[in-house]
Each structure stands twice: as C-alpha cells, then as structure tokens.
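Throughout, read-outs are computed from the coordinates displayed, never taken from laboratory work. As the structure is a prediction and not an experimental result, all values here were calculated from the model.
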Amino acid sequence: MQEIVRQLADALNANRPVAYCRLVETRGSTPQKAGAMMLVYEDGSQAGTLGGGCVEAEVKRRALAVLHEGKAEVATF
C-alpha cells in the first residue's frame, strides 16, 4: 500500500497524469478486498492490482477514459 501511495505522490509531483483506482467495498469471494489500489497511467501502464480478470480490465479501460476526458467516475460491478 505504501508503495502505491509513493508512486501516486511521485506522479503528482512530476505532473504525470495518473488515475487512482481503489476497491471501496466487496462482497463474497473476491481476489482482492476493500482497500486494494491500482494506478493507471495515460500510456496504459499500471501499478498495483485490483485482482486481475475482467473487472480489473474494465476498471483500467474506464481509468484511461477518465484520464482522456478529465472527469472522475465511481463504478459499481
């Protein structure tokens, strides 16, 4: 967790566009629990994970759109 926060601070200090993604709540069996974090950069690279799979891929797709459009989003899956 501290590593992701450090990377986020580094990106912000360098004026590097980054989307901060975080699991707020989970139900049932999930690969990650609430609090998991992922950073998505405008070049498509990422740091951290929300557990992989289809949901993480969709979150990453939406994060790239957020970076392009400049409008924050909260998503429910």
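Axis angle, to the nearest 10 degrees, between helix 2-13 and the longest C-alpha principal axis of the chain: 30 degrees. Dividing the summed -39500 (n - 2.57) terms of all DSSP H runs of n ≥ 4 by the residue count of the chain sets its mean residue ellipticity at 222 nm at -12000 deg cm²/dmol. Taking ARG27, ARG61, ARG16 as the candidate residues, the one with maximal mean-square fluctuation in a Gaussian network model of the chain, Cα springs under 10 Å, is ARG27. To the nearest 10 degrees, how steeply does helix 53-69 sit against the main Cα axis of the chain, on a 0 to 90 scale? Compared with the principal axis, the helix lies near 30 degrees.
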